[in-house]
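Only one structure is covered here, and it is reproduced in the block below.
Read the figures in this text as sums done on the coordinates, not as results from a lab. What you are looking at is a predicted structure, and each value in this text was computed from that prediction instead of being measured. When we count neighbours, we look across all protein chains shown, and the Cβ atoms used for this are built from the backbone with ideal geometry, even at glycine.
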Amino acid sequence: MSRSSAFRFASPIAAAVLLSLTLSACSSGMSLVQNKQRGYDISEDDVKQIRPGQSAALVTAVLGSPQSTNSFAKETAWIYIGEKVQQTAFGMELSKQRTVLVIYFDKNNKVTDMERLGVKDGRSFQIESRRTPSFGQDRTFLESIISSI
């Protein structure tokens with residue numbers, strides 16, 4: 001086998017290997033759809049451990065720190081939010097399940113009530129698209145740089 005025929009044979013193989021390595025870098029993992037957990041993974045066993053009259057310290061030991069807290073007139077609410085989503089290879093996400101666990105405490109930091117909410121309990125709302133006026137000068141980035149010289 002001469003040198004030129006070996007080069008002609010190796011060149012397409014090298015190109016194929018290079019192309020396959022380049023395309024494999026574009027993959028997002030083993031599959032096109034990945035299941036992900038966001039926020040808290042709220043299990044039924046953990047929720048069953050929380051009962052009225054228990055302390056906030058025990059709730060923290062079982063569930064961890066809350067994602068959000070709200071203080072109302074005589075009680076405080078701790079909010080734990082968990083969501084299971086499917087993410088495609090192109091970054092699009094589909095929410096499969098959302099769970100919001102709200103635990104209410106009295107002024108002595110004892111559990112008074114617990115509420116579990118899902119997607120069906122939420123409300124849809126339209127985000128306002130109008131812009132808030134700013135009372136500064138509307139300059140481009142380049143104008144801002146030139147004016148500061």
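For a test of the definition: using alpha carbon positions, the gyration tensor, and the 1.5 limit on a/c, classify the stretch 31-122 as rounded, prolate or oblate. Can you show the working numbers first?
Numbers: a/c = 2.94, a/b = 2.32, b/c = 1.27.
Prolate, since a/c reaches 1.5 and a/b exceeds b/c.
Sorting 22, 112 on the 10 Å Cβ count, fewest up front, what's the list? Before the final figure, lay out each step's value.
On the way: 22 9, 112 16.
Lowest to highest Cβ neighbour count: 22, 112.
To the nearest 0.05, what FRET efficiency results for residue 65 and residue 94 with a Förster distance of 35 Å applied to their C-beta separation? Display every interim value, and only then the final one.
Details: r = 28 Å, r/R0 = 0.81.
Given R0 = 35 Å and the Cβ-Cβ separation, E is 0.80.
Please arrange 79, 149, 103 by counting, for each residue, the other beta carbons lying within 10 Å of its beta carbon, fewest first. Can you show the working numbers first?
Details: 79 16, 149 4, 103 23.
With the fewest neighbours first, 79, 149, 103 line up as 149, 79, 103.
Which of 48, 96 comes first, and how do the rest follow, when ranked by fewest Cβ neighbours within 10 Å?
On the way: 48 9, 96 12.
If I rank by nearby Cβ atoms, fewest first, I get 48, 96.
Say the cut-off is 25 Å between C-alpha atoms; which of 74/120; 84/110; 36/110; 74/96; 84/120 go over it? Don't jump to the answer; show the numbers that get you there.
Details: 74/120 28 Å; 84/110 30 Å; 36/110 33 Å; 74/96 35 Å; 84/120 15 Å.
Exceeds cut-off: 74/120; 84/110; 36/110; 74/96.
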